[in-house]
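Chemist: If you scroll down you'll find the structure; I have some questions about it.
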Amino acid sequence: MSVNGEVARLKTEADEAGWEVDPDDDWGLAVIATVGRQLKLRREAAGMRAAEFGEAVGYGEDMVYKIEAGKRIPRPEYLDMADEVLGAGGLLSAMKEDVKKVRYPKKVRDLAELEAKAAELLSYGNHNLHGLLQTKEYAWALLRTRRPVNPEDQLEQALAARMARKTIYDRAPAPELSFVLEETTLRRPVGGKMVWRSQLEHLLEVGQLPNVEIQVMPTDRWNHPGTGGRVQVLKFEDGTAVGRMDDEFNGRPVHDPRQVRILELRYGIIRAEALTARESLAFVEQLVGET
């Protein structure tokens, strides 16, 4: 795309929804305030007025002030063009990584950070597949079922955040991951037949990893504590753990060892009631054959 074309696009997209700073995200607010301050200092050092600088990077004067005041998250392209216009030698462009993280919802960032540190993950889901198991197409289809429908850029933001969590599979040493999935979630053709089939095939691939165990809970097995909702426990190398369950402790994450033990007990019962890992993969293979 030409420079003029890029400027025109930025002028069109500059004020779209999804680039506001979450007022409850203290870390995000601090990052965007720091970025804005650096942009302002470099612009003033270059002797450029806000209107002149905005014209050079494709933004209006008002938007330049919002970004410099930490009221608006700058797009990656904005930082690249600002770096070039102000001759920052890559220092402004280097801020893109932290700025990108700010666009992820805080609760998703927090979850990703916990997963990245976990030595063991235990997860039972009774409604949808765990985010770490979802293909990009399956996740996109799920996100689009939300009502009211979110703007496209917010959906893309949520999708990127979900996919970014999958770096857990690249860790060394690899964490132990245990998933118990309800049969119903596997039979629901989210996204249509092709997306659904691809998702099932992905489960077969992930299930072959030596550190991953996937189990299926048959629909006719109802006498287990998973009827109360999702259960998740994350254990860490230092012996600490955090967990949550939909209908316990107000659905909030808990760290108290006594409370985590309750969740571990429930997960253990759920796991015992489910098909074995080998039986579960055979079950998924059967579903693939039926699609």
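The values are calculated or read from the model by the stated rules, or taken from the named source; none is laboratory data. Since the model is a prediction, treat every value here as computed from it, not as a measurement. Note that we place each Cβ from the backbone using ideal geometry, even for glycine, and neighbour counts take in every protein chain shown.
Chemist: Just the residues that are modelled with pLDDT of 90 or more and at positive phi, please, taken from the range 32-69.
Modeler: Hit for the range 32-69 is 47, nothing else.
Chemist: Right, something else. For the range 151-167, how many residues meet the condition of being surrounded by fewer than 18 Cβ atoms within 10 Å (Cβ to Cβ) and under 20 Å from residue 207 (Cα atoms)?
Modeler: Adding up the residues that qualify gives 4.
Chemist: Considering only the range 133-145, how many residues are over 30 Å from residue 269 (Cα atoms), assigned to a helix (DSSP H, G or I) and not basic (Lys, Arg)?
Modeler: Within the range 133-145, residues that are over 30 Å from residue 269 (Cα atoms), assigned to a helix (DSSP H, G or I) and not basic (Lys, Arg) number 4.
Chemist: Counting only residues that are more than 21 Å from the chain's Cα centre (by Cα) and buried (at least 19 other Cβ atoms within 10 Å of the Cβ), how many does the range 225-239 have?
Modeler: Of the residues in the range 225-239, 2 are more than 21 Å from the chain's Cα centre (by Cα) and buried (at least 19 other Cβ atoms within 10 Å of the Cβ).
Chemist: Among the numbered criteria (1) under 19 Å from the mean Cα position of the chain (by Cα); (2) surrounded by fewer than 14 Cβ atoms within 10 Å (Cβ to Cβ), which single criterion is violated by residue 131?
Modeler: All conditions are met except number (2).
Chemist: Being hydrophobic (A, V, I, L, M, F, W, C) and at pLDDT 90 or above is the requirement here; does residue 216 meet it?
Modeler: yes
Chemist: For residues that are closer than 18 Å to residue 218 by Cα and either outside the structural domain of residue 133 (by TED's automatic domain parsing) or of a type outside the set (Ser, Thr, Tyr) (or both), tally how many sit in the range 242-288.
Modeler: Adding up the residues that qualify gives 20.
Yes or no, residue by residue, for (1) touching a helix residue (DSSP H, G or I) at 6+ places or on another chain (Cβ under 8 Å); (2) closer than 19 Å to residue 269 by Cβ; (3) of a type in the set (Phe, Trp, Tyr):
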{"position": "131", "(1), (2), (3)": "yes, no, no"}
{"position": "147", "(1), (2), (3)": "no, no, no"}
{"position": "161", "(1), (2), (3)": "yes, no, no"}
{"position": "178", "(1), (2), (3)": "yes, yes, no"}
{"position": "186", "(1), (2), (3)": "yes, no, no"}
{"position": "209", "(1), (2), (3)": "yes, no, no"}
{"position": "217", "(1), (2), (3)": "yes, yes, no"}
{"position": "221", "(1), (2), (3)": "yes, yes, no"}
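Chemist: Return the total of residues in the range 46-60 being part of a loop (DSSP other than H, G, I, E, B) and surrounded by fewer than 17 Cβ atoms within 10 Å (Cβ to Cβ).
Modeler: Within the range 46-60, residues that are part of a loop (DSSP other than H, G, I, E, B) and surrounded by fewer than 17 Cβ atoms within 10 Å (Cβ to Cβ) number 4.
Chemist: While we're here: Does residue 182 qualify as being surrounded by fewer than 18 Cβ atoms within 10 Å (Cβ to Cβ), assigned by TED's automatic domain parsing to the domain that holds residue 283 and not basic (Lys, Arg)? Break it down into steps so the answer makes sense when it comes.
Modeler: Values: surrounded by fewer than 18 Cβ atoms within 10 Å (Cβ to Cβ): no; assigned by TED's automatic domain parsing to the domain that holds residue 283: yes; not basic (Lys, Arg): yes.
Considered against the rule, which asks whether it is surrounded by fewer than 18 Cβ atoms within 10 Å (Cβ to Cβ), assigned by TED's automatic domain parsing to the domain that holds residue 283 and not basic (Lys, Arg), residue 182 comes out as no.
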